[in-house]
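What follows is a short report on a single structure.
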Amino acid sequence: YQRRVHGDVSAVSKTGQRRKSMTESLIETMRVKVSSGPNFRSRAVPTAYDGKFTLIASEPEEDGGSGEGPNPMEYAIMAVAVCAQEESQVIAEAMGLKDWKKVDWRCEFDVNLDGYTGANDKPMAASEVFRKVWLGASPRGTSITADQLAELNAKVQATCPVIRLFASAGVNFESVYTLQELPDNTVLPEDKTIKVAERMHVTVAGDGYHSDVKVEQFSVVLAEPEEDGGSGKGPNPMEALITSLATCLYEQSLVVAQERDVKLWVAFADVSFKVNLDGYLNKPNAQNMAAKDIYQEVIADATIVTDASQEAIDSIRTAALLRCPISRLFASVEVEIKGKWIKG
């Protein structure tokens with residue numbers, strides 16, 4: 001993200017745009033290009049870094065993927081945790097907390113996958129898909145008090161753009177900041193109406209604007225550029241969220257295509273978010289922004305290599321938007337996913 005650096009109250013972009021005063025809204029467009037298929041594997045390249053970084057999303061081999069990377073949902077989970085890590089740096093600076101930098105995070109999603117699998121044939125609200133989001137933070141080497149920690153937690157929830165997406169969608173979101181070891185997340189009561197329920201999680205070792213993410217056997221680095229105070233060793237958390245949406249849409253469309261006996265389904269997608277970063281920058285009057293005011297435009301264009309007709313492509317796209325868990329998140333906050341899928 002574009003953000004404050006060195007205690008300055010202005011914002012600096014990765015591309016050397018002019019400094020903007022805190023009275024101006026900071027709007028940024030971020031893009032990720034994704035090649036997917038023919039199985040449940042995608043290669044995502046954020047466009048801001050001249051091809052420097054690649055994110056691989058995949059399902060396990062036993063589920064038809066390559067087993068080479070985290071799945072699309074896990075990219076959304078890491079986006080939550082790393083956005084919170086970065087936002088906590090912004091808030092801590094504003095609070096005068098000079099030794100808030102290194103934080104251990106764990107983020108867990110309890111998800112209902114009945115829409116994704118087709119067990120539920122009706123569009124689901126995000127609050128039904130995401131039964132619970134749990135976020136835990138445990139700082140290292142800080143003199144912060146318990147009261148300051150509670151204040152920091154509340155302010156991060158009010159300003160982190162990824163958390164605001166879930167909050168605006170009415171998702172049950174529990175955020176626990178502790179000076180002790182992270183507690184266990186409670187187990188949700190069994191819901192016998194749900195056929196496919198799963199808990200997924202990631203852990204993050206945050207160090208300022210650099211985060212080392214662990215997802216099962218996989219490691220992912222998310223960071224801000226060096227000129228923005230980060231390590232420059234990975235894409236940012238919003239680009240992880242874009243990757244999550246792009247790859248989730250592909251996987252869901254592949255599921256639908258297979259249900260309809262389409263033999264070939266490969267996608268080359270260009271997905272972008274136009275986002276208002278005023279809350280992320282902790283600007284005055286930018287707390288608790290509605291997600292539709294943050295995510296001002298979401299576009300997911302794609303070229304589909306397939307033996308299906310254009311009419312079939314359009315129908316599969318519509319079905320995928322109604323079933324993909326991440327697209328349901330945006331639908332629940334009244335953010336339309338625009339774009340065209342064309343036959344290639």
Item to check | Segment Lys233-Leu182, extension gain: residue separation times 0.36 nm, minus the distance between their alpha carbons | outcome: 15.7 nm
Checklist outcome for this item: With only helices counted (DSSP H, runs n ≥ 4, each -39500 (n - 2.57)), the per-residue ellipticity at 222 nm for the chain, to the nearest 500, works out to -9000 deg cm²/dmol
Checklist outcome for this item: Measure of exposure for Lys33: accessible area at 1.4 Å probe, Å² rounded to 10, is 100
Next on the checklist: With a 1.4 Å probe and all protein chains left in place, how much accessible area per residue does the chain have, in Å²?
Outcome noted: 42
Checklist entry - Hey, how many Å between the Cα centroid of region 291-344 and the Cα centroid of region 257-281? => result 7
Checklist entry - Of the chymotrypsin sites (Phe, Trp or Tyr not before Pro) in region 136-226, which ones lie in a loop per DSSP and count no more than 12 other C-beta atoms within 10 Å? => result none
Item to check | Cβ-placed point charges (K, R +1; D, E -1), dipole of the chain about Cα centre in debye, nearest 20 | outcome: 760
Checklist entry - Which one of Phe130, Gln310, Val202 has its Cα pushed farthest toward the positive end of the charge dipole of the chain, where Lys and Arg give +1 and Asp and Glu give -1 at the Cβ? => result Gln310
Item to check | Solvent-accessible area of Met30 with every protein chain in place, 1.4 Å probe, in Å² to the nearest 10 | outcome: 10
Checklist entry - If R0 is 51 Å, what FRET efficiency do you get for Glu62 and Glu151 from their C-beta distance, rounded to 0.05? => result 0.65
Next on the checklist: Where in the chain is the longest stretch that carries no GluC sites (Glu not before Pro) classed as loop by DSSP and with at most 15 other Cβ atoms within 10 Å?
Outcome noted: 217-333
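Placing +1 at every Lys and Arg Cβ and -1 at every Asp and Glu Cβ, with all other atoms neutral, what dipole size does region 159-247 have around its Cα centre, in debye to the nearest 20?
Values: 6 positive and 14 negative charges, 81 e Å.
My answer is approximately 380 debye.
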Item to check | Rounded to the nearest 10 Å², the accessible area of Thr303 at probe 1.4 Å | outcome: 50
Item to check | Of all accessible heavy-atom area on the chain, the percent that carbon and sulfur account for (1.4 Å) | outcome: 47
Item to check | At most 15 other Cβ within 10 Å, DSSP loop - chymotrypsin sites (Phe, Trp or Tyr not before Pro), region 104-160 | outcome: none
Checklist outcome for this item: Per DSSP, the loop-located trypsin sites (Lys or Arg not before Pro) within region 256-297 having at most 15 other beta carbons within 10 Å are Arg260, Lys263
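The values are calculated or read from the model by the stated rules, or taken from the named source; none is laboratory data. Given the structure is predicted, the values throughout are model-derived calculations rather than measurements. For neighbour counting, all protein chains shown are included, and Cβ atoms are generated from backbone atoms with ideal geometry for every residue, glycine included. Only protein heavy atoms, including side chains, enter the accessible area calculation; ligands, DNA and RNA are left aside. Shrake-Rupley method; radii C 1.70, N 1.55, O 1.52, S 1.80 Å.
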